[in-house]
Amino acid sequence: MRIRLYGRLGDVIGREIELAAAEVTVGDIRRSLAASHAAAAATLGRSRAFIGDCFVTDDRTVGDAESIEFLPPVSGG
Amino acid sequence: MSVVALLEPQALDPQLELAELTEAARGDGAVVTFVGLARPESGEGNAVDAIVLDHHPTLTRQSLEAIAVACAERFDVSHVRVVHRCGTVPAGEPIVFAGAASLHRRPAFEAADYLIDRLKTEAVFWKREVGDDGSNWVEPTEGDFADRDRWG
């Protein structure tokens with residue numbers, strides 16, 4: 001699956017990465033990324049997950065052909 | 001009534017935006033605007049050369065539009081105009097223009113205040129200060145959230 005990351009997450013992990021995984025949950029992906037990128041763990045914990053055109057919760061199963069995005073807290077102005 | 005919400009990848013000219021809003025506001029009695037500038041110094045006192053605004057391909061525009069529409073529905077205003085930069089904004093240059101026009105002054109003042117409070121905390125951007133000491137991601141402060149919470 002393709003994972004897109006924004007803000008600080010993009011800096012630490014990369015703007016776009018591929019993860020070979022089947023039938024994992026959003027929470028699994030979040031924990032996996034946090035384990036492999038300790039500097040992003042705190043921000044990952046405060047980030048929202050987005051698939052298609054919807055925000056999703058951590059129990060959502062993500063198919064290998066899907067794309068998921070993680071959005072850290074936003075700041076405009 | 002007009003509601004304009006724009007994502008601007010190039011330089012933002014507040015004078016042009018004011019001219020557009022004033023032109024739309026013919027017949028009104030008030031135009032109130034807020035212009036946010038890229039500060040040359042971080043909250044920690046470090047020199048900042050530029051602000052870099054990361055954005056989302058769909059959610060950023062949607063967030064600007066949602067805030068502008070909510071403003072138009074909430075206040076007795078005739079026109080709302082929001083223009084927000086993305087990309088690299090050198091220190092001292094405008095990041096955001098938020099303005100409203102109304103028949104009398106009070107709704108326009110309140111609308112501009114509301115716009116920037118929501119933009120600071122809800123517009124979908126990720127903001128990074130770049131200076132001599134590297135770069136630093138910036139999130140809204142407790143004060144920013146308190147300002148937004150005034151509006152319920």
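The values are calculated or read from the model by the stated rules, or taken from the named source; none is laboratory data. All values derive from a computational prediction rather than experimental measurement. Cβ sites come from the backbone with ideal geometry, for glycine too, and all protein chains shown count toward neighbours. All accessible areas refer to the heavy atoms of the entire protein, side chains included, with ligands and DNA or RNA removed. Shrake-Rupley method; radii C 1.70, N 1.55, O 1.52, S 1.80 Å.
Listed here are the residues, each with its yes/no results for (1) free of Cβ contacts under 8 Å to residues at least 24 places away in the same chain; (2) open to solvent by less than 60 Å² (accessible area, probe 1.4 Å); (3) over 12 Å from the mean Cα position of the chain (by Cα).
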| residue | (1), (2), (3) |
| --- | --- |
| A:3 | no, yes, no |
| A:10 | yes, yes, no |
| A:31 | yes, no, no |
| A:41 | yes, yes, no |
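Can you work out which of the residues in segment B:34-47 that are over 15 Å from residue B:84 (Cβ atoms) and of a type outside the set (D, E, K, R) is least open to solvent (accessible area, probe 1.4 Å)? I'd like the intermediate steps shown before the answer.
Keep residues of segment B:34-47 that are over 15 Å from residue B:84 (Cβ atoms), which gives B:39-47.
Going one step further and asking which of them are of a type outside the set (D, E, K, R), we end up with B:40, B:42-43, B:45-47.
Numbers: B:40: 89, B:42: 12, B:43: 81, B:45: 42, B:46: 62, B:47: 58 Å².
Result: B:42.
Given the conditions (1) part of a loop (DSSP other than H, G, I, E, B); (2) within 14 Å of chain A (Cβ to nearest Cβ), report the number of the one that residue B:112 does not fulfil.
So the condition that residue B:112 fails would be (1).
Quick one: count up the residues across segment B:53-71 that are at the interface with chain A (Cβ under 9 Å from one of its Cβ atoms), open to solvent by 30 Å² or more (accessible area, probe 1.4 Å) and not β-branched (Val, Ile, Thr).
1
So how many residues does segment A:1-33 have that are of a type in the set (Asp, Glu), more than 17 Å from residue B:54 (Cα to Cα) and part of a helix (DSSP H, G or I)? Let's see the steps before the verdict.
Restricting attention to segment A:1-33, the residues satisfying the condition of being of a type in the set (Asp, Glu) are A:11, A:16, A:18, A:23, A:28.
Filter once more, keeping what is more than 17 Å from residue B:54 (Cα to Cα): A:18, A:23, A:28.
Then keep just the ones that are part of a helix (DSSP H, G or I); that gives A:28.
Matching residues across segment A:1-33 total 1.
For the structure I just gave you, tell me whether residue B:91 is surrounded by 23 or more Cβ atoms within 10 Å (Cβ to Cβ) and either among the aliphatic types (A, V, I, L, M) or away from chain A (no Cβ under 14 Å) (or both).
Taking the combined requirement at face value, the residue does not satisfy it.
Given the residues B:91, B:98, B:146, which is the only one that is out of contact with any Asp or Glu (no Cβ under 8 Å at 6 or more places or on another chain) and farther than 29 Å from residue B:28 by Cβ?
Values: B:91 fails: out of contact with any Asp or Glu (no Cβ under 8 Å at 6 or more places or on another chain); B:98 fails: farther than 29 Å from residue B:28 by Cβ.
Unique residue meeting the criteria: B:146.
Let me spell it out: the conditions are (1) more than 14 Å from chain A (Cβ to nearest Cβ); (2) buried (at least 16 other Cβ atoms within 10 Å of the Cβ); (3) farther than 23 Å from residue B:136 by Cβ, and residue B:50 meets all of them except one. Which number is the exception?
(3)
Go through segment A:34-43 and count every residue that is in contact with an Asp or Glu (Cβ under 9 Å, 6 or more places away or on another chain) and part of a loop (DSSP other than H, G, I, E, B).
Selection size over segment A:34-43: 0.
Any residue in segment B:1-13 that's small (Gly, Ala, Ser): show its pairings with residues that are assigned to a loop (DSSP other than H, G, I, E, B) and open to solvent by 60 Å² or more (accessible area, probe 1.4 Å) at Cβ separation under 8 Å, as long as the two are six or more apart or on different chains.
These pairs meet every condition: B:11/B:93.
Of all residues being over 15 Å from the mean Cα position of the chain (by Cα) and open to solvent by 40 Å² or more (accessible area, probe 1.4 Å) in segment B:115-136, which is farthest from the other protein chains (Cβ to nearest Cβ)? Just the residue, please.
B:132
Considering only segment A:44-77, state which residues are of a type in the set (Ser, Thr, Tyr) and either part of a loop (DSSP other than H, G, I, E, B) or open to solvent by less than 10 Å² (accessible area, probe 1.4 Å) (or both). Before you say what the answer is, go through the steps one by one.
Here is the first cut: in segment A:44-77, the residues of a type in the set (Ser, Thr, Tyr) are A:47, A:57, A:61, A:67, A:75.
Passing the criteria: A:47, A:57, A:75.
Keeping to segment B:14-33, report how many residues are in contact (Cβ under 8 Å) with a residue 24 or more places away in the chain, within 18 Å of residue B:93 (Cα to Cα) and surrounded by fewer than 20 Cβ atoms within 10 Å (Cβ to Cβ).
3
Go through segment B:72-88 and report how many residues are surrounded by 24 or more Cβ atoms within 10 Å (Cβ to Cβ) and outside any strand (DSSP E or B).
Number of matching residues: 1.
Answer with yes or no whether residue B:58 is free of Cβ contacts under 8 Å to residues at least 24 places away in the same chain and of a type in the set (Ser, Thr, Tyr).
Working: free of Cβ contacts under 8 Å to residues at least 24 places away in the same chain: yes; of a type in the set (Ser, Thr, Tyr): yes.
Considered against the rule, which asks whether it is free of Cβ contacts under 8 Å to residues at least 24 places away in the same chain and of a type in the set (Ser, Thr, Tyr), residue B:58 comes out as yes.
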